[in-house]
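Colleague: Right, I'll just put the structure down here and ask away after.
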Amino acid sequence: MRTTSLLRTSVALAAATALLGACSDSDADDDTTATPSSSESSESTESTESTGSTPSTPADLPAGVLALPEAPTGGTSIDVAAGRYRVRLDDALSFDVTLPAGSTVHDNGLFLATPSFVLKTELAGEEYGVPRDPCTDQTIEPAGSTVEDLVAALSDLPAYEVSAPEAVELGGAEGAYLEARVPRGYDDSKCAGGAVQLPGNPDTAVGGPAPYTGRWWVLDVEGRRVVVQQNCWGCSDRDLARAPKTAGTITFTATP
């Protein structure tokens, strides 16, 4: 794997460790879990009380949409206040997303870590694909160029339990939605770095330990393939049911 891939894997594993710590508490005492409820999360997005960085709204952004703040010099992440942010995918395409309090932006918005999960949104061109084996051979094999090509590859991915694809609309784009799991009993000790690799671009693919629960959207955004992954390591169904619906707030837009 490339160096950048290893570095980004460490980012994901750090986020996974934090999530595992929070979720293990809820598993041990499900009635006293500290995971925020959906109503609490919704309220937090409207709160102005946060220790994160809140930038001003540039003139070329709609009212209520904030520019994504830059990480400090020499860093790759920054904590942000609750709010709606513009994230750039490339010179032509961006998306707006509402982040709850306690969120951290990694790699210029490639990874948006909320207190409940890590949201990853990226262009999925012809290099985007799936690992040959998510555990033992994590080389990314390209998965065609269409939404259908990628959905077919995801549906046959080893190590993961993947649901049947469902037609979906997200952020003004149409595509397919899948749920993926690596069960709690999966032996990840034989995997490279103890991590089960996720689909992705060769230089941005990451992995994490079992158990894993993912919600994947494979979208056609004006003729361009985009993948949104909501990744959570160590989460229960109850945790996810209580988590903010961050992915559902995404709206795709042209880059100013």
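Colleague: Across the Cα atoms of the stretch 146-193, what radius of gyration and what greatest pairwise Cα-Cα distance (Dmax) are found, in Å?
Modeller: Spelled out, the Cα radius of gyration and Dmax of the stretch 146-193 are 13.6, 41 Å.
Colleague: Stokes-Einstein D for the stretch 216-256 at 4 °C, 1.567 mPa s, Kirkwood Rh over Cα pairs, in µm²/s?
Modeller: The Stokes-Einstein estimate is 105 µm²/s.
Colleague: When the Kirkwood hydrodynamic radius is evaluated over all pairs of different C-alpha atoms of the stretch 79-152, what value in angstrom, to one decimal, is obtained?
Modeller: 14.2
Colleague: Still on this model: What are the extents of the Cα atoms of the stretch 50-173 along their three principal axes, listed from largest to smallest and rounded to whole Å?
Modeller: Cα spread of the stretch 50-173 along its principal axes, largest to smallest: 44, 31, 25 Å.
Each reported figure results from applying straightforward, stated rules to the coordinates on display, with no laboratory input. It should be emphasised that the depicted structure is a prediction, and the values quoted were computed from it without experimental measurement.
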